[in-house]
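Trainee: Once you've had a glance at the structure underneath, I'll fire off some questions.
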Amino acid sequence: MAMPDENIMAQQADEEEMMGGIGEFEELFNESLRQFQSGELIKGVVVKVDADTVLVDIGHKSEGRINAAEFLDEQGNMTVKVGDEVSVLLERGEDEKGHLILSRRKAERQAVWDRIAASGGEGGTIEGKIVAKVKGGMTVDIGLPAFLPASQVDLRPTANLDKYLGQTATFKILKLNKKRGNVVLSRRVLMEEERESMRDQTLEVLAEGQIVEGIVKNITDYGAFLDLGGIDGLLHVTDMSWGRLGHPSEAIKVGDQLKVMVLKYDRNKGKISLGLKQALPDPWLNVEGKFPVGSKISGRVVSLTEYGAFVALEEGVEGLIHVSEMSWTKRVRHPSDILTVGDEVEVLVLGMDLGNRRISLGLKQVTANPWTEIQERYPVGTKIEGQIKNVTDFGVFIGVEEGIDGLVHVSDISWTRRIKHPGELFSKGQTVLAVVLNIDPENERLSLGMKQLTPDPWSEIPVKYRPGTKVKGKVTSVTEFGIFLEIEEGIEGLIHVSELSREKVPTPKGFANVGDELEALVLTIDTMEKKISLSVKALQAATEKAEMNSYMDTAPGEGLGNFGSLLESLKKSSEE
């Protein structure tokens, strides 16, 4: 019967020993817990990694469990392995297996807040990476998402925030709310502080005539603004190149680093004028020796205007081909009729104005002048045949040869006909004859005549129509001062209003109409002015005188008593 009692006693001893071990374990476990406080950051070592859980040994025979998702990267890859040391945060309680509840994410967040506190909190600085655009600004990763307002991204507001994505920078902490997890940052504040510091340093050493370096910040139609180190200077388009620029963007672009000269510095107003070309050798100093007047040189057409073409002779040196110096024979309305930008041309240096940095060039002068040969081929008096190229108010242009036209002035079309407009007789493309009257090679003018192909009828007029000659003609025009009478083809005479009748005629209108035939007496002839004066009144008086003389010849001495007074009256009227 003793055996059973011994077994029972042994069993009881084993149970007491086991309970004592459990008690000791619980005491050790509770002691390990007392080493840490909830919410505390703890260093631990990864002891196991599986699909759902990462087991971390935090020391003191204590292990904690962390959801595996807290160790995955953006691509879903596990970022730790057994043996890695990690920072974790102790949370309250334990799981069903007795493992402590830990969190790596909360540990990381807590580390960020500790780092923020260490940096000075609000007003301090922290480094971060701009990772995304959000409404009103951007998100910065500083270990936790922080907000960067759009107005705080750069010195000047910009609509293009994409260019800042991925940039790592130092930011000023503007506001903190740990409870809500909000952090507001500024990049602009630090940039302004840095700029102000650089500005003070720059202003201390800045002086006119000094060569400085600057970065192109902004380009306008009239120039560009350069950051010289905390202070901006204006580089005007006229100070960018010794040559001619249409727009600043032809020479520079935003972000370019340039060496420029300080042309003017107003310390009180803080205004700085800069020059890019002044920092380079002046190419115009040797222009006179390189391109003497009369020399032939080559260049490239860089610009066309209404009045000519600019040709680059070398970097910073341009000359102008005026539109009048482009062709000996063509009437060039616009330089684009002959040249295009980019053309390589040979030109002659015509003149130079170093004071105003101008070089006059000639394109036509590199070829023979056809006008110097025209006198030999067409001496004065030469008859030519050609097509009418143009009809104008003052005459017609006749093509003599390629590019050379001659002008028949309206006054050289007819000896006798009064021509209001050459279009009454001629049209473009019509073939006509003319004679060379004059050649002016210097002014490139060729004068032609058509009436000179026949003798001048006015050379015979004074003989054919002597004063006192009775003429008959057709009325061609009635004016306020008289009537024009055509006495033969192309020859007209004027009957002045005072010569229409012995009685006073207030106006020629009503006396005769165009197309009526009238007789008159020739009073005077002016061959220089090609004018004939006629009189109806004188013809009437002459007719009456002739009739009276005829009557007296038939009855001499008889009946004079009755007609004496009439004869005297007629004689007096005729004399008047």
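Trainee: Right, residue 428: part of a strand (DSSP E or B) and basic (Lys, Arg) or not?
Mentor: Values: part of a strand (DSSP E or B): no; basic (Lys, Arg): yes.
No; evaluated as a whole, the condition is false for this residue.
Trainee: As an exercise: evaluate residue 72 against (1) in contact (Cβ under 8 Å) with a residue 40 or more places away in the chain; (2) in the same structural domain as residue 52 (by TED's automatic domain parsing) and give the number of the one condition it does not meet.
Mentor: (1)
Trainee: Among what's in the range 80-110 and is at pLDDT below 80, exposed (fewer than 13 other Cβ atoms within 10 Å of the Cβ) and touching a strand residue (DSSP E or B) at 6+ places or on another chain (Cβ under 8 Å), pick the residue that is farthest from residue 177 (Cα to Cα).
Mentor: 97
Trainee: Got a number for residues in the range 168-183 being loosely packed, with under 15 Cβ neighbours inside 10 Å and not hydroxyl-bearing (Ser, Thr, Tyr)? Talk me through it step by step, then tell me what you get.
Mentor: First, pick out the residues of the range 168-183 that are loosely packed, with under 15 Cβ neighbours inside 10 Å: 168, 170, 175, 177-182.
From what is left, the residues that are not hydroxyl-bearing (Ser, Thr, Tyr) are 175, 177-182.
Number of matching residues: 7.
Trainee: Among the strands (runs of 3 or more DSSP E) contained in the range 358-421, which hold 2 or more residues that are touching an Asp or Glu at 6+ places or on another chain (Cβ under 6 Å) and surrounded by fewer than 16 Cβ atoms within 10 Å (Cβ to Cβ)? Full working, then the answer.
Mentor: Numbers: elements: 358-362, 383-391, 395-401, 404-409.
Strands (runs of 3 or more DSSP E) meeting the threshold: none at all.
Trainee: Checking the structure you have, find out if any residue of the range 397-414 is touching a helix residue (DSSP H, G or I) at 6+ places or on another chain (Cβ under 6 Å) and of a type in the set (Ser, Thr, Tyr).
Mentor: yes
Trainee: Okay, moving on. Filter the range 168-197 down to the residues that are without any contact (Cβ under 8 Å) to a residue 12 or more places away in the chain and outside any helix (DSSP H, G or I) and list them by number.
Mentor: Of everything in the range 168-197, those that are without any contact (Cβ under 8 Å) to a residue 12 or more places away in the chain and outside any helix (DSSP H, G or I) turn out to be 177, 179, 180.
Trainee: Among the residues of the range 460-478, is any over 60 Å from the mean Cα position of the chain (by Cα), of a type in the set (Ser, Thr, Tyr) and loosely packed, with under 12 Cβ neighbours inside 10 Å? I'd like the intermediate steps shown before the answer.
Mentor: Within the range 460-478, the subset over 60 Å from the mean Cα position of the chain (by Cα) is 460-475.
Then keep just the ones that are of a type in the set (Ser, Thr, Tyr); that gives 465, 469.
Still in the list and also loosely packed, with under 12 Cβ neighbours inside 10 Å: none.
No, every residue in the range 460-478 fails to be over 60 Å from the mean Cα position of the chain (by Cα), of a type in the set (Ser, Thr, Tyr) and loosely packed, with under 12 Cβ neighbours inside 10 Å.
Trainee: Within the range 224-260, restricting attention to residues that are among the acidic types (Asp, Glu) and within 29 Å of residue 194 (Cα to Cα), which residue is surrounded by the fewest Cβ atoms within 10 Å (Cβ to Cβ)? Steps first, please.
Mentor: To start, the set of residues in the range 224-260 that are among the acidic types (Asp, Glu) comprises 227, 232, 239, 250, 256.
With the extra rule that they be within 29 Å of residue 194 (Cα to Cα), the set shrinks to 227, 232, 256.
Values: 227: 19, 232: 16, 256: 13.
Going through the qualifying residues, I end up with 256.
Trainee: What are the residue pairs meeting all of these: first residue in the range 149-167, first residue surrounded by 14 or more Cβ atoms within 10 Å (Cβ to Cβ), second residue of a type in the set (Val, Ile, Thr) and at pLDDT below 85, Cβ atoms under 9 Å, and 6 or more apart or on different chains?
Mentor: From the range 149-167, the pairs are 150/158; 164/158.
Trainee: Out of the residues in the range 443-484 that are without any contact (Cβ under 8 Å) to a residue 60 or more places away in the chain and of a type in the set (Asp, Glu), state the one that is farthest from residue 413 (Cα to Cα).
Mentor: Result: 480.
Trainee: When both residues are 6+ apart or on different chains and their Cβ atoms are under 6 Å apart, which pairs have a first residue that lies in the range 234-259 and is under 18 Å from residue 309 (Cα atoms), and a second that is among the basic types (Lys, Arg) and modelled with pLDDT under 90?
Mentor: Every condition considered, the pairs that remain are 242/277.
Trainee: Right, something else. Please give the number of the condition residue 506 fails out of (1) more than 60 Å from the chain's Cα centre (by Cα); (2) surrounded by 13 or more Cβ atoms within 10 Å (Cβ to Cβ).
Mentor: With respect to (1) more than 60 Å from the chain's Cα centre (by Cα); (2) surrounded by 13 or more Cβ atoms within 10 Å (Cβ to Cβ), residue 506 is out only on (2).
Trainee: Kindly indicate whether any position in the range 357-364 is of a type in the set (Lys, Arg), touching a Phe, Trp or Tyr at 6+ places or on another chain (Cβ under 8 Å) and modelled with pLDDT under 90.
Mentor: So in the range 357-364, the residues of a type in the set (Lys, Arg) come out as 357-358, 364.
If we keep only those that are touching a Phe, Trp or Tyr at 6+ places or on another chain (Cβ under 8 Å) as well, we get 357, 364.
From what's left, modelled with pLDDT under 90: 357.
Yes, the range 357-364 contains at least one residue that is of a type in the set (Lys, Arg), touching a Phe, Trp or Tyr at 6+ places or on another chain (Cβ under 8 Å) and modelled with pLDDT under 90.
The values are calculated or read from the model by the stated rules, or taken from the named source; none is laboratory data. Quantities reported herein were computed from a predicted structural model and do not represent experimental measurements. Note that we place each Cβ from the backbone using ideal geometry, even for glycine, and neighbour counts take in every protein chain shown.
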